[in-house]
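Novice: To start, I am sharing the structure in question, which I have written as structure tokens.
The values are calculated or read from the model by the stated rules, or taken from the named source; none is laboratory data. Remember, predicted model here, so these are calculated numbers, not experimental data. Cβ placement follows ideal geometry from the backbone for every residue including glycine, while neighbour counts extend to all protein chains displayed. Note: areas computed on protein heavy atoms with side chains; ligands, DNA, RNA excluded. Shrake-Rupley method; radii C 1.70, N 1.55, O 1.52, S 1.80 Å.
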Amino acid sequence: MAAVLGCSFLCLALPVLGQQTVATVYRGSVGGSHFQMRLNIQGNNVSGAYSYDSIGEDLKLTGHLDSQGRLELAESGAKGKPTGKFICKRFNDAAEPDCTWSKPDGTREAYVTLEEQHVAFTNGLQVVPKTIANRKSGVSVSYPQISSGTSALTPAVASFNRRVLALTQKAIKDFEPGSEPGRNSFETNYNVLLATDDLISVEMTEYSDSGGAHPSNGFWSLTYDLSGNKELELDDLFKPGSDYKTAIARFVVADIDRRAIAFEQEDARTEGRKATAREGPLVTIDQLSEVTNWGLTPKGLVVYFDFPHAIAVFDRNLVPYSVIDEYLKPNGPAARIHKP
């Protein structure tokens, strides 16, 4: 799952190196276990902690980020005992940070996903992970809930929490395990694309394996207006009658082609061969399906498609606000975020 659902466009934006401390929260996974990480970066020095959703106990992190973007973190548990280490060879590469976790001696190495969480609550709210697990059926799910500490939840926050839980439970119910024991796996993790006092947008990543030829990866999302206490539809962002779908489609087709060329060039470089030129775009506007899900981020609109397995890496696409600015509804949800 990690290799397919790994970072694409929202991951690991490198903080500006300097003496000011930059604090960032990440969601991630290693070996099928989901975790939340907090990193404080001051100059080249990095400190923080992370905890697995299923355990909740903090593990301390200390390390170094060099000028080339290589991040090394030592992990320690109770009484300062070393328990592991993280290495990101290209922490400043949003497309491929290349992160791993291993034991202190380098054994049991596993691929790691990390994605920055865009939480900007000013009213004391926070997003916390909740879990659902069933070892027999292979279910390992983390889903988000908004917490207000000891204060009572507002009706809108309570409604969002119920909706996320209901959608998560439906996804688990829709999973059809295969007949072979021990081969089934259903994993869901989440990313907070955007969370403000009046709006929250979350992305759910799914991986399922029922013992077939190919595991399945996918996304679903939820964007909720906390000020109006309602789940938002894509049309809610745009002026009535505007042709925003064509603008999105044109950008996505061109961006997929750009990314496909970059992937081929990198593969060719790694394999010591000449890059293969492709005739025509990888996907045309006519071939582009309807948007299956969408979400809001500080930088743009995330749209999801359901492409065939061979090109499923392009299911997730970021459309900058500059592409759709003229179509946005004045004072609408996206316009409140994007201030051109």
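Novice: Averaging sequence separations of C-alpha pairs under 8 Å and six or more residues apart, then dividing by the length of the chain, give the relative contact order as a whole percent. Show your work: numbers first, answer last.
Specialist: Values: 685 pairs, mean separation 39.7, N = 340.
The normalised contact order for the chain reaches 12 percent.
Novice: Mind listing which GluC sites (Glu not before Pro) in the stretch 106-159 are in a DSSP loop and have 16 or fewer other Cβ atoms within 10 Å? Let's see the in-between values first.
Specialist: Numbers: sites: Glu109, Glu115, Glu116; in loops: Glu109.
In loop regions of the stretch 106-159 (DSSP not H, G, I, E or B), the sparsely surrounded GluC sites (Glu not before Pro) are Glu109.
Novice: Also, quick follow-up: Any idea of Arg259's accessible area? Nearest 10 Å², probe 1.4 Å.
Specialist: The value for Arg259 is about 30 Å².
Novice: Then there's this: Describe numerically, in nm with one decimal, the distance between label points set 7 Å from Cα along Cα→Cβ at Ala158 and at Ala78.
Specialist: In this crude spin-label approximation the distance works out to 3.8 nm.
Novice: I want to make sure I understand the PRE zone here: with the label point 7 angstrom from the Cα of Ile132 toward its beta carbon, which residues in the stretch 157-178 have backbone N atoms less than 17 Å away?
Specialist: Flagged as within label range: 159-177.
Novice: Once phi is turned into ³J(HN,Hα) by the Karplus curve 6.51 cos²θ - 1.76 cosθ + 1.60 with θ = phi - 60°, what whole-Hz value does each residue of the stretch 122-127 show in order, with x for glycine and proline?
Specialist: 10, 10, x, 6, 8, 9
Novice: Let me ask something additional. Which value, in Å² rounded to 10, gives the accessible area of Thr62 with a 1.4 Å probe and all protein chains present?
Specialist: 60
Novice: So, one more: Solvent-accessible area of Glu271, probe 1.4 Å, all protein chains present, reported in Å² to the nearest ten, please.
Specialist: The accessible area of Glu271 comes to roughly 120 Å².
Novice: Please list, in order along the stretch 292-303, the HN-Hα scalar couplings obtained from phi with the Karplus expression 6.51 cos²θ - 1.76 cosθ + 1.60 (θ = phi - 60°), rounded to whole Hz, x for Gly and Pro.
Specialist: Couplings: 8, 8, 7, x, 10, 10, x, 9, x, 9, 8, 10 Hz.
Novice: Please label the shape of the stretch 113-176 as rounded, prolate or oblate, based on the square roots a ≥ b ≥ c of the eigenvalues of the alpha-carbon gyration tensor (a/c under 1.5 means rounded; beyond that, a/b larger than b/c means prolate, else oblate).
Specialist: Numbers: a/c = 2.52, a/b = 1.69, b/c = 1.49.
It is prolate, given that a/c is not under 1.5 and a/b is the larger ratio.
Novice: Per residue, how many Å² of accessible area does the chain show with a 1.4 Å probe? Don't skip to the end; give the middle numbers.
Specialist: Details: 17410 Å² over 340 residues.
Value returned for the chain: 51 Å² of accessible area per residue.
Novice: Could I ask something else about it? So what are the radius of gyration and Dmax for the Cα set of the chain, in Å?
Specialist: 20.6, 62
Novice: While we're looking at this one, here's another question. Using all Cα-Cα distances in the stretch 52-153, what percent lands in each 5 angstrom bin from 0 up to the longest?
Specialist: 2, 10, 14, 17, 18, 18, 13, 6, 2, 0
Novice: Can you give the extra length, in nm with one decimal, that the chain gains between Asp235 and Lys329 once fully stretched, where that is 0.36 nm per residue apart less the Cα-Cα distance?
Specialist: Contour length minus the Cα-Cα distance gives 32.9 nm.
Novice: With θ set to phi - 60°, apply the Karplus curve 6.51 cos²θ - 1.76 cosθ + 1.60 along the stretch 322-335 and write out the HN-Hα couplings as whole Hz, x wherever there is a Gly or Pro.
Specialist: 4, 6, 10, 3, 5, 9, 5, 5, x, 6, x, x, 6, 5
Novice: If the reach is capped at under 24 angstrom between alpha carbons, list the lysines near Lys60, excluding any in the same chain fewer than eight residues apart.
Specialist: In chain and number order, the partners are Lys79, Lys81, Lys85, Lys89, Lys103, Lys130.
Novice: Among the trypsin sites (Lys or Arg not before Pro) within the stretch 21-114, which fall in a DSSP loop and have no more than 12 other Cβ atoms within 10 Å of their own Cβ?
Specialist: Values: sites: Arg27, Arg38, Lys60, Arg70, Lys79, Lys85, Lys89, Arg90, Arg108; in loops: Arg70, Lys89, Arg90, Arg108.
Hits after loop and neighbour filter: Arg108.
Novice: Once amide H atoms are placed 1.01 Å from N in the peptide plane, what residues at a sequence separation of 5 or more from Asp53, or on another chain, have their amide H within under 5 Å of its amide H?
Specialist: Correct list: His34, Phe35, Gln36.
Novice: In nm², what is the average projected area of the convex hull enclosing the Cα atoms of the stretch 201-271?
Specialist: 8.4
Novice: Now, a different point. Let me know the shape class of the stretch 242-303, please: from the alpha-carbon gyration tensor, a ≥ b ≥ c as square roots of the eigenvalues, rounded when a/c is under 1.5, otherwise prolate if a/b is greater than b/c, or oblate.
Specialist: It is prolate, given that a/c is not under 1.5 and a/b is the larger ratio.
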